[in-house]
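> Attaching a single structure in structure tokens format; questions to follow.
The values are calculated or read from the model by the stated rules, or taken from the named source; none is laboratory data. Values in this document were obtained by computation on a predicted structure and should not be read as measured data. Cβ sites come from the backbone with ideal geometry, for glycine too, and all protein chains shown count toward neighbours. With ligands, DNA and RNA removed, areas are computed over all heavy atoms of the protein, side chains included. Shrake-Rupley method; radii C 1.70, N 1.55, O 1.52, S 1.80 Å.
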Amino acid sequence: MITATHRHAQLIIDRQAIYDNVQNEIKRLKKGTDLFAVIKADAYGHGLLEVAKITKQAGAKGFCVALLDEALALRQAGFEEPILVLGVTDPDQTPIAANHHISVAAPSLAWLQQATPFLNKDAQTPLRIHYAIDSGMGRIGMRDISELQAAVKLVREQRDAFEVEGIFTHFATADDPNPAYFNKQVAKWQEILASLDEKPRYVHVSNSATSLWHAKCNGNMIRFGLAIYGLNPSGRAISSLPYPLKPAMSLTSELTFCKQIHAGDSVGYGATYTAKGDEWIGTVPIGYADGWRRDLQGFKVLVDGQYCEIVGRICMDQLMIKLPHEYPTGTTVVFIGRSGMHEITAQDVAEYEHTINYEVVSDFMPRLPRVYVGLENQQ
């Protein structure tokens, strides 16, 4: 997709906020615990390579991604730190990971069996693996001790194919004020972990929510994700935080057109909005093809420090807002961020859409330029 650099609509990414969020978490970690920055999905919409650079400067010891292609992009950009692919890598692709010193999740005994012949044939070095344990997330991973023990046996027999680097699980409710299911998962994880006669280099369970609110579970590595970007993993369910999270993303645009309409005039596809009197309507060059979804009709943006309602259906490339009075074209419109005394957050957008802040920031499309500010002198 083409990045639209010839219109005034952009995501502004605050490097300093990302740096500070990582630094603040590292200061809380026990000695010997490494922070790996989770930068999958284009760093949750913030830009893979730039966020990798910032988090490395801030002290991240490695990276976590979802896909082998994301890991390869980091290697091609010159990053030499450990990289873990958290999703399932196709067994026939494992030699590529091995040859680029990329670690992958080992989700099952069957997967190890399927990967072995490919590695023995095409890998120049053993594949670094992290045993994935399903302690209750229900996504990927080995669910019982017997399967893990069989996997350990196979890996020991295939030392030329595999190198065990870690073991991990993922908690489904670490961001829930009710700890009942979380504690159930912890108990299962501890039972499975105790069955190993030798622990690998990395033992890890903590995403952002776990590390923020259940730090005693951290192991010797955390997978720090959403909090890097200054967003609360619980939304508003848990408001207490060990330090203030600094949101890193703003979304701004400008008015490209301003006109007065009158009582009975309608706006947008389907004529879903009709003026009750004389009104000033502004047009803004952002639409659902940028990731500002159609169901945000009725939500508000900020113009000159004032809330302005989105009226009419959001178009693919444009939307309309109701203004308090006439404004000149070129006037700044804030979708996420601060204007005057008011602020709109990704969490505000998420609540209007009945979703989560993760989805809001990761939905923004590549045609919105990422403009990086702050931290220019940081090396």
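> On a 0 to 90 degree scale, rounded to 10, what angle separates helix 109-122 from the longest Cα axis of the chain?
With both axes taken from Cα atoms, the answer is about 80 degrees.
> What's the center-to-center distance, using Cα atoms, between region 217-291 and region 317-379 in Å?
5 Å
> Taking only C-alpha pairs under 8 Å that are 6+ residues apart, what is the relative contact order of region 297-376 in percent?
Reported as a whole number, the value is 24 percent.
> What does DSSP give for the chain in terms of the percent of beta bridges that are antiparallel, rounded to the nearest 5?
50 percent
> What is the helix-to-structure angle for 48-58, meaning the angle in degrees between its Cα long axis and the longest Cα principal axis of the chain, kept from 0 to 90 and rounded to the nearest 10?
70 degrees
> When the accessible area of the chain is split by element with a 1.4 Å probe, what percent falls to carbon and sulfur?
Of all accessible area on the chain, carbon and sulfur atoms account for 50 percent.
> Only loop residues by DSSP count here, and only those with at most 16 other Cβ atoms within 10 Å; note down the GluC sites (Glu not before Pro) in region 2-99 that meet that.
Loop-located and lightly packed - E80.
> At most 13 other Cβ atoms within 10 Å and a DSSP loop assignment: could you name the trypsin sites (Lys or Arg not before Pro) in region 146-223 that fit?
Qualifying residues, ordered by number: R159.
> Heavy atoms only, probe 1.4 angstrom, no DNA, RNA or ligands counted: give me D363, D69 ranked by accessible area, highest first.
The most accessible residue leads, giving D69, D363.
> Which cross-chain or sequence-distant (5 or more) residues have an amide H under 5 Å from the amide H of F63, H modelled 1.01 Å from N in plane?
A37, I83, L84
> Now for a different question. Before I look further, what does the chain give for accessible area per residue, probe 1.4 Å, in whole square angstrom?
It amounts to 45 Å² per residue over the chain.
> Taking Rh as the Kirkwood radius, which is the inverse of the mean 1/r over Cα pairs, what is the Rg/Rh value for the chain?
A ratio of 1.05.
> For the chain, set up a Gaussian network in which alpha carbons nearer than 10 Å are linked by springs, and say which option among N21, N99, N357 fluctuates the most.
Of N21, N99, N357, the most mobile in the Gaussian network model is N99.
> Looking only at L11, L196, L109, which one moves most when the chain is put into a Gaussian network model with springs between Cα atoms under 10 Å?
Highest fluctuation of the listed residues: L196.
> Using only C-alpha atoms and all pairs of different ones, pull out the Kirkwood radius for region 111-223 in Å with one decimal.
The Cα-based Kirkwood calculation yields 14.9 Å.
> Quickly estimate the mean residue ellipticity at 222 nm for the chain, helices only: each DSSP H run with n ≥ 4 gives -39500 (n - 2.57), and the total goes over all residues, rounded to 500.
Rounded to the nearest 500, it is -8000 deg cm²/dmol.
> Compute the long axis of helix 145-157 from its Cα atoms, compare it with the longest principal axis of the Cα atoms of the chain, and write down the angle in degrees, 0 to 90, nearest 10.
The two axes meet at around 70 degrees.
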